[in-house]
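A quick write-up on the structure given underneath.
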Amino acid sequence: MDYEIEECTEKLVNSIRNSSDYRRYLECEEALEKFPGVFDQVMELRKKTIELYQDPDNGNLMENSDELGKEYERLEKLPEVNAFLEAEEDLVRILNNVSASVVNSVKMRVPKP
């Protein structure tokens, strides 16, 4: 890889790591880990959500969505869970925006499926 690209990539990564959004994410993650097993439950729920939307034909989408919603409601009774999920969403938004900016700015022909 081109040295300048590597250097800019490293600067971008460091900027993200030093951002208030990333620091808040880490703080929320640390706060959530103070509740034994809750962080693992949140991660398992996130995993199930991702799996559901990657393969919506796997079972009843509405029923599975409702079940996941009930699990989220149960976990969201802890303010730390809400704070973590909000911080995670903000960080994901940043990463998606960075990715989209790169993809939309660099012309590359890709065959359509």
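No value in this document is a laboratory result; all are computed from the given coordinates. Keep in mind it's a predicted model, so treat the numbers as computed, not measured. Neighbour counts run over all protein chains shown; Cβ positions are idealised from the backbone, glycine included.
Measure nothing fancy, just the Cα-based angle from helix 3-17's long axis to the longest principal axis of the chain, in degrees from 0 to 90, nearest 10. Relative to the chain, helix 3-17 is tipped by roughly 30 degrees.
Of [x] 1.36; [y] 0.94; [z] 1.15, which one was derived for Cα Rg over 2.2 N^0.38 Å from the structure shown? Of the labelled values, this structure produces [x]. With a Cα cut-off of under 27 Å and a minimum spacing of 8 residues unless on different chains, the lysine pairs in the chain number 9. For the range 3-105, the relative contact order comes to 36 percent (Cα pairs under 8 Å, sequence separation of at least 6). Checking every one of the trypsin sites (Lys or Arg not before Pro) in the range 11-113 against DSSP loop status and a limit of 12 other Cβ atoms within 10 Å picks out Lys34, Lys77, Lys107, Arg109.
In a fully extended conformation the segment linking Leu95 and Ser15 would gain 27.6 nm over its present Cα-Cα distance, using 0.36 nm per residue. The length gained on full extension between Glu86 and Glu29, counted as 0.36 nm times the residue separation minus their Cα-Cα distance, comes to 19.4 nm. Compared with the dominant Cα axis of the chain, that is its longest principal axis, helix 79-105 is turned about 30°. For the chain, the longest principal axis of the alpha carbon atoms and the long axis of helix 61-75 meet at an angle near 80°. Gly69 sits among other residues whose Cβ lies under 12 Å from its own Cβ, and their net charge, with Lys and Arg +1 and Asp and Glu -1, is -3.
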